[in-house]
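**Student:** Sharing a structure below in structure tokens format, with a few things to ask.
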Amino acid sequence: MNSTIHQNLQRVLSSLPNGVRLVAVSKFHPIESLREAYESGQRIFGESKVQEMTQKYEALPKDIEWHFIGHLQTNKVKYIVPYVTLIHGVDSFKLLSEINRQGEKNDRVISCLLQMHVAREETKFGFSLNECRQMLAEEEWKKFTHVKICGIMGMASNTDYENLVRDEFKTLHDFFCEIQQKHFSTDEDFKELSMGMSHDYPWAVEEGATLVRVGSMIFGVRNY
Ligand SMILES: *Cc1c(COP(=O)(O)O)cnc(C)c1O
């Protein structure tokens, strides 16, 4: 295969060390582009809109892992729970609780990442470190039988200032270690640190990412 998407994908993959998995962020790109990536071996795709992800899920082979990486509204959880593999953006107890409820209805245990807000931008969703500490300390989440907290997700500030971006990734990594020790020390499924996008994923990998979410570097610029 010789397409641009194939080449881009291979370039990104060859830059990742063992143990770091690539989420190919395909939001706003047409099915044909995802098919090209699929044919070149990619099996994990990231989408940020419920309807779009569901349409793509229906159109494409069933061995794809669908990761939801966007902001998820509680009233839309029910549409993705039947097939989603990992929800990266859990940013409230209420959302976690709704995912658990829908997981139960579908007889599935849904893997989730807690989204942390560490970037400077006001607009990014996520728990503050203290909000997350508090939610975990309250232990209500331990009663949920149909969600599995597998780690955390975050975004660094949108800047080329390397020190700032690395500091934010370090903060995420430190927090991951903190809550792993405190709440998940016997839980082998708590192992994912999702951080890094096209412009900053090499730094994220160096700071301990296990999942990187790369879109435009594979599929080109989005029209949105
Ligand atoms: C769009 C998006 C990405 C991918 O961004 P690129 O710059 O295209 O690599 C990663 N993570 C999240 C949460 C996104 O919304």
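The values are calculated or read from the model by the stated rules, or taken from the named source; none is laboratory data. Keep in mind the model is a prediction, meaning the values are calculated, not measured. Note that we place each Cβ from the backbone using ideal geometry, even for glycine, and neighbour counts take in every protein chain shown. Ligands, DNA and RNA are stripped out before the accessible areas are found, and what is left, the full protein with its side chains, is counted by its heavy atoms. Shrake-Rupley method; radii C 1.70, N 1.55, O 1.52, S 1.80 Å.
**Student:** Regarding the stretch 177-184, can at least one residue be identified that is within 12 Å of the ligand (Cβ to nearest atom), touching a residue at least 40 places away in the same chain (Cβ under 8 Å) and outside any loop (DSSP other than H, G, I, E, B)?
**Tutor:** no
**Student:** Hey, any hits in the stretch 204-220 for a residue that's at pLDDT below 95 and outside any helix (DSSP H, G or I)?
**Tutor:** The answer is yes, given that some residue of the stretch 204-220 is at pLDDT below 95 and outside any helix (DSSP H, G or I).
**Student:** Out of the residues in the stretch 44-71 meeting the condition of being within 12 Å of the ligand (Cβ to nearest atom) and without any contact (Cβ under 8 Å) to a residue 24 or more places away in the chain, tell me which one is most open to solvent (accessible area, probe 1.4 Å).
**Tutor:** Lys49
**Student:** Report the residue count in the stretch 27-43 for those that are within 14 Å of the ligand (Cβ to nearest atom), surrounded by fewer than 18 Cβ atoms within 10 Å (Cβ to Cβ) and closer than 20 Å to Leu113 by Cβ.
**Tutor:** Qualifying residue count, the stretch 27-43: 0.
**Student:** Also, quick follow-up: Can you find even one residue in the stretch 3-26 that is within 16 Å of the ligand (Cβ to nearest atom), open to solvent by 80 Å² or more (accessible area, probe 1.4 Å), touching a residue at least 60 places away in the same chain (Cβ under 8 Å) and of a type in the set (Val, Ile, Thr)?
**Tutor:** yes
**Student:** Does any residue of the stretch 96-108 turn out to be farther than 28 Å from His199 by Cβ and in contact with a Pro (Cβ under 7 Å, 6 or more places away or on another chain)?
**Tutor:** yes
**Student:** Still on this structure, please answer the following. Looking at (1) farther than 19 Å from Gly19 by Cα; (2) of a type in the set (Val, Ile, Thr); (3) within 13 Å of the ligand (Cβ to nearest atom), can you tell me which one Val212 breaks?
**Tutor:** Condition not satisfied by Val212: (1).
**Student:** Take the conditions acidic (Asp, Glu), within 16 Å of the ligand (Cβ to nearest atom) and exposed (fewer than 12 other Cβ atoms within 10 Å of the Cβ) and apply them to Asp160. Does it pass?
**Tutor:** Spelling it out, Asp160 is indeed acidic (Asp, Glu), within 16 Å of the ligand (Cβ to nearest atom) and exposed (fewer than 12 other Cβ atoms within 10 Å of the Cβ).
**Student:** So Gly154 fits all but one of (1) within 13 Å of the ligand (Cβ to nearest atom); (2) closer than 24 Å to Arg11 by Cβ; what number is the exception?
**Tutor:** (2)
**Student:** Still on this model: Out of Phe184, Phe219, I need the residue that is more than 17 Å from the chain's Cα centre (by Cα), open to solvent by less than 50 Å² (accessible area, probe 1.4 Å) and within 20 Å of Phe45 (Cα to Cα). Which one?
**Tutor:** Selected residue: Phe219, the only one of Phe184, Phe219 that is more than 17 Å from the chain's Cα centre (by Cα), open to solvent by less than 50 Å² (accessible area, probe 1.4 Å) and within 20 Å of Phe45 (Cα to Cα).
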